[in-house]
Amino acid sequence: MNQLRAIWSYRFFIISSIKTEFRSRFARSRLGGLWMILNPLAQVAIYALVLSAVLAAKLPGIGNQYAYAIYLMAGTLGWSLFAEVFGRSLGVFVDNGNLLKKMAFPKIALPLIVTGSALVNNLLLFLAVLVVFGLLGHAPTLTLLWLPVLISVTLALALGLGLALGIINVFMRDIGQIIPILLQFWFWLTPVVYVSSMIPEKYHDLLMMNPMSGIVMGYQNILVYGKGPDLHTLVYPVIIAVVALSLALFMYFRANEEMADVL
Amino acid sequence: MNQHSILEVQNIGKAYRNYGRELWRVLSWFGLRFKPLHETWTLQNISFNIAPGEAIGVVGQNGAGKSTLLKIITGTLKPSTGSIIVRGKIAAILELGMGFHPDLTGRQNAYHSSGLMGYTSKQIDSVINEIEAFSEIGEYFDQPVRLYSSGMQVRVAFGVATAFRPDILIIDEALSVGDAYFQHKSFDRIRQFRDAGTSLLFVSHDKGSILGLCNRVILLEKGHVLKDGDPEETMDYYNALIAEKENSTIRQEELTDGKVQTISGTGEAIVEEIGLYNVAGEKVEVVGVGDSVELRIRIKIHQDIPSLVLGYGIKDRLGQVMYGTNTWHTKQIIESPKAGENYEFTIVFPANFGVGSYSVVIALTDSDTHLSLNYEWRDLALVFNVINIDKIYFTGCVWNEPQIRLVQK
């Protein structure tokens, strides 16, 4: 309860910090915040160019000749939200160390700022993706209304894991170095670039042990195939997300006292 | 317990725990009992109360625990033992310009940084003009902060930090920056706060600002409160503490007028006698403004020492030094004095002081500071009063009589 009240009284600071991030991004560069969208889109373009010859023919159930690019964008939208929130939560306490030592304010505001600014980024990317879809002649359906559900699960998972590791990172800085490497492996263990049906059946269970698989497949169902996410594949990510978030909160309350000591 | 205090610090202690491997620390959160390899206590058994409007200076050598104490009271660090009761709003200036962003303008930063202190945009709207006026940086207020000089940044930062009057203001040496004009201005604002009822907690190495601002001083040493009391007395003790070496002693004696005299040193050379004399050669305790006086100091050498330098200073009622020098600067060093020798110094000077009570501090050392070898350091070695007998009435602590010309035009 106290935490919620603290968040409420710091609402202006949280919003102002998110604004500051975007302002400073536009401050001295012409394209400013556009780079945040151009980056993932460029990645999509690269994969599409390199891999379309290999993969395009194998994408079932969709007639559009740009099917693979559309598929890539759907997965990238989900993955980039996860990767940004996860990656920044990991460093959120270390990066703001001086602030935490010198100012008394609710620490919980920091991950909220990360979440808020990542959400705005992702919204911009989503709008850009819709524009590109339009150009490629692909019309998304009303199943888009499922997206908030997927976004919530993605955020909970990314925040839970990111903060739990971010708290440990305060004490063991190696975590901050190892995790970004593991994140790259994780990307390739998630069906963003490839289609899960291409994986041999015996590895399929292994693929589904990755909570991001179900989430990303949900994005693809909505944006590529125009159908709702497969709720069965979402149960597992939701459980993992809830567990991770509870763990992070538990660790936060336990480590709260010692964190400022070692920053 | 004490209903009148605005802040109660009860038996605070702070330990930094070392677990050897950080993994044990992480596991200890999950209930696995790992004992820390060792604990370092930076603060122990700290207790004090602050009344509304009280201004407390915190002094101590580096590593004494001053900043840790302030951080615990501010709330950024949690105490390992004890508790703190706060009855009011705390504002802390531990570092000026926290949360400032170089790409934002001064105005935007003022909003952002006030937000960090927990204020809403409406509340900031009501003080933004005042912040702008206080910082006195004109057009720059709407320019990005990266174009500011460090002085300009400090001005805005201090204006923001003190835009709202808190019940307790905590300042950690933040004011030693900025130009002289701005320092005066910021001290004025702190004084206004104090007079309006804000309690101050002020860490500084600058004796002058402590004596000028505080009515109580807490001396920390190795994480303990060594002294808590009258500013002049505590600062004298602190000064002696800085000079403390092996074989050195510090003692404080209460004088007949209730003041406490601090004497410290290793004792190879000792002040035997000290007196103030007028031009007629009579020993006096009261002198007139502008009178020529002589300070006579007799010193006995108890052990052979490499060199002897006599330093003296004349302090006002608050302990601020009016004038001080030593025989190292006047090139009158006594080289290798022998045990048993006696020396007498006669210091002639005009008593160009304002009306009031003054004291003399004496230091016997080997060079220009009392930090290398300190034979004897004697605060309040002598007390005398200055009265105005035949001069034009004036206020202040320096007699600096003017000639005022008046022409009607």
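Every number in this text was worked out from the coordinates using simple rules, so none of it is lab data. Since the model is a prediction, treat every value here as computed from it, not as a measurement. All Cβ positions, glycine included, derive from the backbone under ideal geometry; neighbour counts span all protein chains shown.
Data overview
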quantity: Equivalent ellipsoid dimensions for chain A as semi-axes, Å, which come from the Cα gyration tensor, largest first; calculated: 34, 21, 17
quantity: Binned Cα-Cα distance frequencies in the range B:320-384 - 10 Å width, integer %; calculated: 15, 50, 28, 7, 0
quantity: Karplus 3J(HN,Hα) series, Hz, for the range B:109-121 with 6.51 cos²θ - 1.76 cosθ + 1.60 (x for Gly, Pro); calculated: 5, 4, 5, 4, 5, 5, x, 5, 8, x, 9, 8, 5
quantity: Max mean-square fluctuation residue, GNM over chain B, Cα-Cα springs under 10 Å, options B:107, B:155, B:21; calculated: B:21
quantity: Kirkwood Rh and Cα Rg combined as Rg/Rh, the protein assembly as shown; calculated: 1.13
quantity: Of B:58, B:260, B:127, the one that fluctuates the most in a GNM where chain B has Cα springs shorter than 10 Å; calculated: B:127
quantity: Ascending count of other beta-carbon atoms within 10 Å, so fewest first, for A:5, A:254, A:88, B:378; calculated: A:5, A:254, A:88, B:378
quantity: Links that overshoot a 21 Å alpha carbon limit, given the list B:14/B:227; A:101/B:185; B:89/B:207; A:107/B:78; A:102/B:14; A:19/B:122; calculated: A:101/B:185; B:89/B:207
quantity: Long-range HN-HN contacts of residue B:51 with modeled amide H, under 5 Å; calculated: B:6
quantity: Translational diffusion of the range A:173-260, µm² s⁻¹ [Kirkwood Rh, Cα pairs; Stokes-Einstein; 10 °C; 1.306 mPa s]; calculated: 105
quantity: Efficiency of FRET between residue B:283 and residue B:205 - r from beta-carbon atoms, R0 22 angstrom, step 0.05; calculated: 0.05
quantity: Globularity index of the range A:103-242, i.e. its alpha-carbon radius of gyration over 2.2 N^0.38 Å; calculated: 1.18
quantity: Relative frequency of Cα-Cα separations exceeding 21 Å in the range B:158-236, percent; calculated: 29
quantity: Partner chain coverage, peptide A:9-20 - average Cβ within 10 angstrom; calculated: 6
quantity: Residue order, fewest to most surrounding Cβ atoms within 10 angstrom, among B:270, A:179; calculated: B:270, A:179
quantity: Qualifying trypsin sites (Lys or Arg not before Pro) for the range B:289-327 [loop in DSSP, other Cβ within 10 Å: at most 16]; calculated: B:317
quantity: Within straight-line cross-link reach of residue A:202, lysines at Cα separation under 28 Å, skipping those fewer than 8 residues along the same chain; calculated: A:58, A:227
quantity: Residues in the range A:163-202 that a label on residue B:21 would reach, taking backbone N under 13 Å of a point 7 Å out along Cα→Cβ; calculated: none
quantity: Cα-based Lys pair tally, the range B:248-387, threshold under 21 Å, eight or more apart or on separate chains; calculated: 5
quantity: Share, in percent, of DSSP beta bridges within chain B that are antiparallel, nearest 5; calculated: 75
quantity: Kirkwood hydrodynamic radius (C-alpha pairs) into Stokes-Einstein, the range B:248-387, 37 °C and 0.692 mPa s, D in µm²/s; calculated: 213
quantity: Loop GluC sites (Glu not before Pro), the range B:271-341, which have at most 10 other Cβ atoms in a 10 Å radius of their Cβ (DSSP); calculated: B:282, B:285
quantity: Cα pair distances exceeding 28 angstrom across the range A:37-187, given as percent; calculated: 31
quantity: Inverse of mean 1/r across different Cα pairs in chain B, Kirkwood, Å; calculated: 24.7
quantity: Cβ-based exposure ranking for B:112, B:329, A:232, in which fewest neighbours within 10 Å come first; calculated: A:232, B:329, B:112
quantity: Estimated vicinal HN-Hα couplings, Hz - the range A:186-197 in sequence order (Karplus 6.51, -1.76, 1.60; Gly, Pro = x); calculated: 4, 4, 7, 8, 10, x, 9, 8, 10, 9, 4, 5
quantity: Taking the range A:34-262 and dividing mean pair separation by its residue count, relative contact order in percent (alpha carbons under 8 Å, at least six apart); calculated: 30
quantity: Note, ³J(HN,Hα) from phi for the range B:42-50, Karplus 6.51, -1.76, 1.60, rounded to Hz, x at Gly and Pro; calculated: 8, 9, 8, 6, 8, 9, 6, 10, 10
quantity: Within the protein assembly as shown, percent of DSSP bridges classed antiparallel, to nearest 5; calculated: 75
quantity: Choice from A:111, A:140, A:148 with maximal GNM fluctuation in chain A (Cα, 10 Å cutoff); calculated: A:148
quantity: Chain B - percent relative contact order, Cα under 8 Å, separation 6 or more; calculated: 14
